[in-house]
Amino acid sequence: MSLSLSLLSSYATYRTALTCEDQSFDVVLDKGALDALLSIDDEALRDKASDMFAHIDRVLVPGGKVRVGG
């Protein structure tokens, strides 16, 4: 694994390991984590992106919104 891929993987682990209560946010904003995770064709990083979406789904209130990008 290259250094840049390793750093991305570490960052992805940090992003998806945040602990928040279920259904605790009305809005989730992503300013670049998803872009970083999907910028390299790597199965492990795609898995991290999937984990990120599962975490977002868990913390959003019903009807909550997700904003990806700038």
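The values are calculated or read from the model by the stated rules, or taken from the named source; none is laboratory data. The structure presented is a predicted model; accordingly, all values stated were derived computationally and were not measured. Just so you know, the surface numbers come from the protein's heavy atoms only, side chains and all, with ligands and any DNA or RNA stripped out. Shrake-Rupley method; radii C 1.70, N 1.55, O 1.52, S 1.80 Å.
Assorted remarks:
- Condition check for Thr13: modelled with pLDDT under 85 and either assigned to a loop (DSSP other than H, G, I, E, B) or of a type in the set (Lys, Arg) (or both): no
Residue-by-condition table, conditions (1) β-branched (Val, Ile, Thr); (2) open to solvent by 80 Å² or more (accessible area, probe 1.4 Å); (3) assigned to a helix (DSSP H, G or I):
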site	(1), (2), (3)
Thr19	yes, yes, no
Gln23	no, yes, no
Leu29	no, yes, no
Leu34	no, no, yes
Ile40	yes, no, no
Leu45	no, no, yes
Lys48	no, no, yes
His55	no, no, yes
Lys65	no, yes, no
